[in-house]
1. From the residues in the range 196-218 that are open to solvent by 40 Å² or more (accessible area, probe 1.4 Å) and either without any contact (Cβ under 8 Å) to a residue 24 or more places away in the chain or more than 20 Å from the chain's Cα centre (by Cα) (or both), which one is farthest from A166 (Cα to Cα)?
2. Looking only at the range 178-192, filter to residues that are of a type in the set (A, V, I, L, M) and more than 12 Å from Y111 (Cβ to Cβ); which one of those is least open to solvent (accessible area, probe 1.4 Å)?
3. Kindly indicate the residue of the range 17-64 that is hydroxyl-bearing (S, T, Y) and free of Cβ contacts under 8 Å to residues at least 12 places away in the same chain and also farthest from V79 (Cα to Cα) among those meeting that condition.
4. Go through the range 177-188 and count every residue that is free of Cβ contacts under 8 Å to residues at least 60 places away in the same chain and assigned to a helix (DSSP H, G or I).
5. Mind listing whichever residues of the range 134-177 are open to solvent by 70 Å² or more (accessible area, probe 1.4 Å), more than 18 Å from the chain's Cα centre (by Cα) and within 30 Å of Y201 (Cα to Cα)?
6. For D193, work out the one condition from (1) touching a Pro at 6+ places or on another chain (Cβ under 9 Å); (2) farther than 24 Å from A122 by Cβ it doesn't fulfil.
7. Can you tell me how many residues within the range 70-85 are touching a helix residue (DSSP H, G or I) at 6+ places or on another chain (Cβ under 8 Å), of a type outside the set (V, I, T) and either at pLDDT below 90 or assigned to a helix (DSSP H, G or I) (or both)?
8. For the range 120-174, what are the residues that are in contact with a Leu (Cβ under 8 Å, 6 or more places away or on another chain), small (G, A, S) and outside any helix (DSSP H, G or I)?
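The values are calculated or read from the model by the stated rules, or taken from the named source; none is laboratory data. Since this is a predicted model, take the numbers as computed values, not measurements. Glycine gets a Cβ as well: all are built from the backbone with ideal geometry, and neighbour counts include every protein chain shown. These area figures cover heavy atoms from the full protein model, side chains too; ligands, DNA and RNA do not enter into them. Shrake-Rupley method; radii C 1.70, N 1.55, O 1.52, S 1.80 Å.
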Amino acid sequence: MTTTPVQHAAPGTRTRRTRLPWQRVPIWALMLLACFLSVVPFYLMFVWASHPSAEVFTFPPHLWFGDALARNWQGLMQVTDGQAPRQFWNSLYIALVSTLTTLFFCSLAGYAFAMYDFRGKAALFAFILGTMLIPPLVMDIPSFLVMNNVLGWVGEPRALWVPGMANAFGIFLMRQYIMSALPRELIEAARMDGATEFGIYRQVVLPLIRPILATLGVVTFVGAWNNFKGALIMKLSEPDTMTLPLSLRRLGGGATNVNVDWGAIMMLVVITVIPLLIVFLLASRQVISGLTSGAVKD
């Protein structure tokens, strides 16, 4: 009869104890509470958009959908003079163009700073990082003067997306990710195979940096979609150029306005939020991968 020797832990070492399921209950409860607090406002927003204006702020609040969805849509078209679809397109156009141009130019610049060696590289990158220290509010008046007196773009959507095509944050983010994710040997091997420089960028670099592209894309899209201050400064207040944030502010009419169609406003809020939810859901996996890259040590 054989006996199994008893293994004793070395002096000074701690034995790993298995965590019982009931010990995880507080963590699960905290996570459920955080999810509940995050989801409930969105749920109530959709619910209230389906109720008449007079019932939006009733107490206790409605917790299930009503039958006034079509009525609120008609009210929205009435208070916006039928411009709600145009305002949605204006916001979508600015957000999409801002996102695509930012991803293209920032990834190009980040790739150049990460993989190329040229004179003045360190000084130029330091200057780009230095621009991140300038408060955005300081640039509002100079930006307006340039757009109005030099370029004449005030009142045009390109006044919002052209200045941010190659921003310092995007360049820095792309450079850091490319330096950690792409070995130089891979770039050299592509050159030896006869690939052009732009071909390497398009066929080798872009497929490998999709997580950070998704991360920067979501950040840029959300910022451009919600850009109220920029649209206000650049005077995108005409019916054919107004964006959804400006339209929401106009429909609100101020805190003391009692003649507000809250059903129409909630409908416009839903229309404003839906694209953001769709973009995040489509890119959530890539975004999480991009944000956690480098967090786990190999």
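1. Of all residues in the range 196-218, those open to solvent by 40 Å² or more (accessible area, probe 1.4 Å) come to 196-198, 202-203, 206-208, 210.
Imposing the further condition that a residue be either without any contact (Cβ under 8 Å) to a residue 24 or more places away in the chain or more than 20 Å from the chain's Cα centre (by Cα) (or both) reduces the set to 196-198, 202-203, 207-208.
Details: T196: 23, E197: 20, F198: 18, R202: 18, Q203: 21, P207: 20, L208: 20 Å.
It comes out as T196.
2. A190
3. T18
4. Here the count works out to 3.
5. Within the range 134-177, R158, Q176 qualify.
6. Only one criterion is unmet by D193, namely (1).
7. 8
8. G155
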